[in-house]
Amino acid sequence: MMWKSVICTLSLFVSSQLSLWAVRVSADDLDGEVQTEVLFKPEPCSPKSKKGDLINAHYDGYLDKDGSQFYCSRSDKDGHPQWFVLGVGQVIKGLDVGMIDMCPGEKRKITIPSDLAFGDKGKGPVPPNATVVFEVEVFSVSRGPRSMEAFNNIDLDKDRSLTKEEVKAYLKLEYESDGKPRDDPFYEKIAADIFRKSDHDKDGQISAKEYNIYEHDEL
Ligand SMILES: [Ca+2]
Ligand SMILES: [Ca+2]
């Protein structure tokens, strides 16, 4: 584990140093606080991520002041890309904002001031009031699991509650319809991630209420 982490840190440290030379572009709609720079954009670039979408991505974090790495999703958790719902606070605010309008395959460098990242307390290896830089790569963008339409599709037995089996069956269908079927451990891993974030009372089911916790966020 330690070994993998060191390798990852070293190799990405080099790429980060190189990309520091690139010009930073501030996206118009991000009010200048979060700076995004597109490192790679596939053609065509679609679908584009929006608030409430379920995102699968790698993101590596660096301190802006010296380029040292504090987070590497490629080595954490066996290197699986991370799943989260965009725009609802499952990741730091700067990523919620800076990862809008990204398509699968797109890579960005996102520079985030501390008040939209880890704040005046910092977190773990991130010191207080630190500006951070994330290099993100998006693998998939799908309609958020937060729409009631999706909930009803996932809830096969219509008991207004989602089991892990129902979530896995749904993921399987999604991947197969994209022509990218995966093996069972892959779906198991994603389902476990989703349950960790959504099954707040830990009863092994995602209730309609748990699922809809962000409903007021006009998804
Ligand atoms: Ca059910
Ligand atoms: Ca529950």
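The values are calculated or read from the model by the stated rules, or taken from the named source; none is laboratory data. Quick caveat, the model's predicted, so the values are computed rather than measured. Positions of Cβ are backbone-derived with ideal geometry, glycine not excepted, and every protein chain shown enters the neighbour counts.
Just so you know, in region 38-65 the residues that are within 13 Å of ILE100 (Cβ to Cβ) and not hydrophobic (A, V, I, L, M, F, W, C) include one that is modelled with the lowest pLDDT, and it is GLY52. Screening the candidates LEU156, LEU162 for the property of being at pLDDT 90 or above, of a type in the set (A, V, I, L, M), assigned to a loop (DSSP other than H, G, I, E, B) and within 10 Å of ligand 1 (Cβ to nearest atom) yields one hit, LEU156.
Residue count for region 155-165, restricted to those that are surrounded by fewer than 19 Cβ atoms within 10 Å (Cβ to Cβ) and touching a helix residue (DSSP H, G or I) at 6+ places or on another chain (Cβ under 6 Å): 3.
Listed here are the strands (runs of 3 or more DSSP E) enclosed by region 36-105 that have at least 3 residues being in contact with a Pro (Cβ under 6 Å, 6 or more places away or on another chain): 54-63. Within region 67-105, the set of residues being touching a strand residue (DSSP E or B) at 6+ places or on another chain (Cβ under 8 Å), closer than 12 Å to VAL34 by Cα and in contact (Cβ under 8 Å) with a residue 60 or more places away in the chain comprises GLY94, GLY98. Only residues that are β-branched (Val, Ile, Thr) and either free of Cβ contacts under 8 Å to residues at least 12 places away in the same chain or within 16 Å of ligand 1 (Cβ to nearest atom) (or both) were counted across region 178-209, and they come to 2. The residues on offer are PHE118, PHE84, PHE134, PHE70, and the sole one that is away from ligand 2 (no atom under 16 Å from the Cβ) and surrounded by fewer than 19 Cβ atoms within 10 Å (Cβ to Cβ) is PHE70. Contact map, region 106-134: first residue assigned by TED's automatic domain parsing to the domain that holds ASP96 and under 14 Å from GLY61 (Cα atoms), second residue in a strand (DSSP E or B) and of a type in the set (Lys, Arg), Cβ cut-off under 9 Å, separation 6 or more or different chains; pairs are ALA117/LYS123; VAL133/LYS109; PHE134/ARG108; PHE134/LYS109. The condition (being within 16 Å of ligand 2 (Cβ to nearest atom), basic (Lys, Arg) and not assigned by TED's automatic domain parsing to the domain that holds PHE70) is satisfied by just one residue among LYS164, LYS158, LYS180: LYS164.
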